[in-house]
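Inspection log for the structure reproduced underneath, given as structure tokens.
Here, each number is a calculation from the coordinates, and none is a lab measurement. Worth saying up front: this structure is predicted, and the values here are computed from it rather than measured. Neighbour counts run over all protein chains shown; Cβ positions are idealised from the backbone, glycine included.
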């Protein structure tokens, strides 16, 4: 089972090193993409009492013409699968949750998170995450993350 890590803090924070926290969780599974096998990572980043949540897919996500963002599916615990539009990163290998604070609040009470997406030139895939433990990390980083 994968566990939350802070090892890539510098990678995810860049120049925003003061009053900041990051937490990364690798997916439980490796998915097949046109570029080869990829293990997604769920990242929660807190800076200046603001929070971001995003999934790094490890391969480009299929481009959807004439729309902003990327279509993904999410499921928290046993809830029905929901389709959402997440904001795309510049390199098309990550997408950001549209309402990160609400999303992280849901994860704090959850055990599992499934993230579905369409890799470039590949069939749809689902990255599975065991999100246990994020609640304690966010609570410990309340100064950086704000009151969630």
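Quick one: 145, 46, fewest Cβ neighbours within 10 Å first, how do they rank?
Placing the least packed residue first, the sequence is 145, 46.
Given R₀ = 25 Å, FRET efficiency for residue 3-residue 62 by Cβ-Cβ distance, to 0.05?
That gives a FRET efficiency of 0.25.
Mark the label point 7 Å from the Cα of residue 120 along Cα→Cβ and return the residues of segment 20-38 whose backbone N is within less than 18 Å of it.
Correct set: 31-38.
Per-residue ellipticity at 222 nm for the chain, helices alone: DSSP H runs ≥ 4 residues times -39500 (n - 2.57), over residue total, nearest 500 deg cm²/dmol?
Numbers: 4 runs with 25 residues, N = 148.
For the chain, the value works out to -4000 deg cm²/dmol.
Divide, for segment 91-148, the radius of gyration over alpha carbons by 2.2 N^0.38 Å, where N is the residue count.
Output field value: 1.35.
What length, rounded to one decimal in nm, is gained on full extension from residue 102 through to residue 48, with 0.36 nm per residue of separation minus their alpha-carbon distance?
Full-extension gain reported as 17.7 nm.
List the relative contact order of the chain as a percent without decimals, with contacts defined as Cα pairs under 8 Å and 6+ residues apart.
It rounds to 26 percent for the chain.
What's the ranking of 62-74, 127-139 by average number of surrounding C-beta atoms within 10 Å, highest first?
127-139, 62-74
Could you work out, for the chain, what percent of all Cα-Cα pairs fall into each 10 Å distance bin, beginning at 0 Å and stopping at the bin that holds the largest distance?
Using 10 Å bins, I get a P(r) of 12, 43, 36, 9, 0 for the chain.
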